[in-house]
Structure formats: C-alpha cells, structure tokens
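To start, the structure under review is shown below, and the notes come after it.
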C-alpha cells in the first residue's frame, strides 16, 4: 500500500537572506525528503521595494531543488496552505486549512503588521485557521490579539547540523586575541549599542580583544544604523572600538555564516526583543559559547551550560505598545569578562552546544512539529 501524501502549499520567500526566507528554505528542503508530503510552493512579493532575490545562499544542488518545487497554482487544491512572509495575511481560505507563520517580538502585534483588515470573530470561530510562531514569548502577542490558545502553535526554528558544526572551528578562526561576534540587522531591538558600550569597557581592560559584526545592508541599512550607534558613544569608547571591530554587511551563504560563528570565541546577543533568535542556536551548534539576554525566547532553547544569561527586566516599549527586555549593561560587561577568563566553562559549552542543537533542534524534528501543527485539528 502506498504512502498517503498530504498536499501542502507553502507561500513565502525564497532566495533572499531574510530570516523568514531562510527558515522557509530550510523547511522546504526538509519537506522535500518527506514521502508523506506532496509539496508545492509560491513566491509572494518581497516586503521592501529595494529587496532583491539572489543566488548563492545555499549549495547549488539545494538551490536547484528549491527552484524545482512545483508552483501551487499548477497543482490540485492543497490540503493545507502554510504562509510564511510579512506582513501577515490573516485571511481565511475557504475549503482549505491555513497556517500563518508570524513573530511578535514585543508580545503585541500592531495593525501595520497585517496585510489587510482582519475579522477576528471569524478567525476565532474557524477550525481551519492557525498561527505558527517559534516561541512561547512570541505566542503571547497572538493570544493578546484574541486568537484561541489552540490556534497558536509553537514550532521552534532549527539547525542543519552538518553545516552548523564545530568540526572546522580551529581552522576557521583568523582573528588574533579573544573574539566576540554578533550577527543581526543592528536595529534597536537587537541591543547593538549595548554591545558596543560593553565591548568598549572590555577593550579598556583587554587591548587584544576583537569584535566581529555581521549586518544585513541589503535589507535593513545595518551599516548606517551601526554608524549612528557608534556616533552616540563617547569619543574614548569610539576610539577603543574602532581599531578592534570588523564589520560586514554583505550577504553570507549559510556555510559562510557557520564559518563566522566558528571564527569567534564567544557569540553575544544582548537583545531587547526577538521572536526566536536563530543566530544564538546556530552559534551554539557551531560550538561557540553564547552570552544572551535572560527572560526572552532564548530561555526556551538554551541552557546554563551553553550560555551565560544577561540579567534583564521586562519593560514597556518606549513610545509604543508591547513589552520588551532591558538587559543590564553592567552584568553584560561582567559576563563578557567572565567568559574570557573561564576557559573550562567555554570548553564544556563548546562540547555541549552541538550535541544539544543536533539532538533537539535539527530541521527534521522541527518539520515533524510543523506538520503536526498544520494537519492536526486545533479543537
């Protein structure tokens, strides 16, 4: 007897280095290995008018496999539609189960995040609509919107363990001295200016320290945002940072990102608001010890033997709705100094991180959870 194949149409972004697109592509590649899924996809318009698709983010054979997925329009009516893009399309699709991926970084979702008006009453009454979000932290935003608890499913992100691995860590490291790394859009929710202030304090005590920063200039003008944050620092701090910081805003392939994590002695993410924070998990998978904010979504997938957690308080978002975290700057400095001095802890984290990530957050496990969320009735 043949395997029953569920017809799944995934509508989202491909061939662009946005976090939603990267997650989508990892999930598509994993879904292609599933004999019980008849997969089709459809590219939705990119969010920014200056955004451009490009090749080279994945290996050639993977990009060929992604490009060869049949278009949804050419297929029979799917059993379910999974939409992963922005703004969020919370419309119903008559006769078809629909799941929408979304993140609520500040635990509230403003109207600007929606593709159009939403009929909350109809959404709540529907047995064929749900939201997929990557953390309990983010889930609170959709619950506050008014969806039923059963309609908001948590499916974490994952890692590709044969790429995000410590196997070439020693050869990847090129920078002298102790190296801290951080990858993000450099926007305010990432806490980049806190990292700069903390790094300047650390550099005043350890002149051989280095900071590697990876931005996303093509999507978020990260270089300009970083320049503003640097310009707001005292002149002495700017001087301490300037000679010890390297920045790249160009697109990195997933293999280049793994090399980036492996080139550091520690990865630092003093974030204020995140839906998940995949770079933290990817860094840990590469055997790079982590410093990250306590109290947010990283609490859900990191442990004390993998990360040092920055004390924080949940506070209202300035000039807006929602809540975010306020990491303690002095504690961040303390943890950066501690991680430099505590080589035994770093060695243990370097061993434990890859095991934890591969065993609990590989994309096969994540896609199992995704399919269960999409196809199992919400009531």
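Screening the stretch 1-50 for residues that are under 19 Å from the mean Cα position of the chain (by Cα) and surrounded by fewer than 17 Cβ atoms within 10 Å (Cβ to Cβ) and picking the one that is farthest from residue 79 (Cα to Cα) gives 48.
Considering each residue of the stretch 300-307 in turn, at least one proves to be in the same structural domain as residue 350 (by TED's automatic domain parsing) and without any contact (Cβ under 8 Å) to a residue 40 or more places away in the chain. Considering only the stretch 273-313, state which residues are more than 19 Å from residue 157 (Cβ to Cβ) and surrounded by 23 or more Cβ atoms within 10 Å (Cβ to Cβ). If the condition is that a residue be more than 19 Å from residue 157 (Cβ to Cβ) and surrounded by 23 or more Cβ atoms within 10 Å (Cβ to Cβ), then 289, 291, 308, 310 are the ones that fit. The number of residues in the stretch 70-87 that are under 27 Å from the mean Cα position of the chain (by Cα) and farther than 21 Å from residue 367 by Cα comes to 1. Any residue that is modelled with pLDDT under 95, part of a helix (DSSP H, G or I), within 26 Å of residue 338 (Cα to Cα) and not assigned by TED's automatic domain parsing to the domain that holds residue 27 - is there at least one of those in the stretch 211-222? Checked against the condition, which is being modelled with pLDDT under 95, part of a helix (DSSP H, G or I), within 26 Å of residue 338 (Cα to Cα) and not assigned by TED's automatic domain parsing to the domain that holds residue 27, the stretch 211-222 yields no hits at all.
On the basis of being more than 30 Å from residue 239 (Cβ to Cβ), in contact (Cβ under 8 Å) with a residue 24 or more places away in the chain, outside the structural domain of residue 258 (by TED's automatic domain parsing) and surrounded by fewer than 20 Cβ atoms within 10 Å (Cβ to Cβ), does residue 153 make the cut? Criteria not met by residue 153. Screening the stretch 228-329 for helices (runs of 4 or more DSSP H) wholly inside it with 3 or more residues that are at pLDDT 95 or above and farther than 22 Å from residue 208 by Cα returns the ranges 254-262, 278-285.
Please tell me if residue 358 is surrounded by fewer than 19 Cβ atoms within 10 Å (Cβ to Cβ), modelled with pLDDT of 95 or more, touching a helix residue (DSSP H, G or I) at 6+ places or on another chain (Cβ under 8 Å) and over 21 Å from residue 203 (Cα atoms). Yes. Do the conditions hold for residue 62, that is, is it at negative phi and either surrounded by 13 or more Cβ atoms within 10 Å (Cβ to Cβ) or not assigned by TED's automatic domain parsing to the domain that holds residue 24 (or both)? It is true that residue 62 is at negative phi and either surrounded by 13 or more Cβ atoms within 10 Å (Cβ to Cβ) or not assigned by TED's automatic domain parsing to the domain that holds residue 24 (or both).
The values are calculated or read from the model by the stated rules, or taken from the named source; none is laboratory data. As the structure is a prediction and not an experimental result, all values here were calculated from the model. Backbone-built Cβ (ideal geometry, glycine too); neighbour counts: all protein chains shown.
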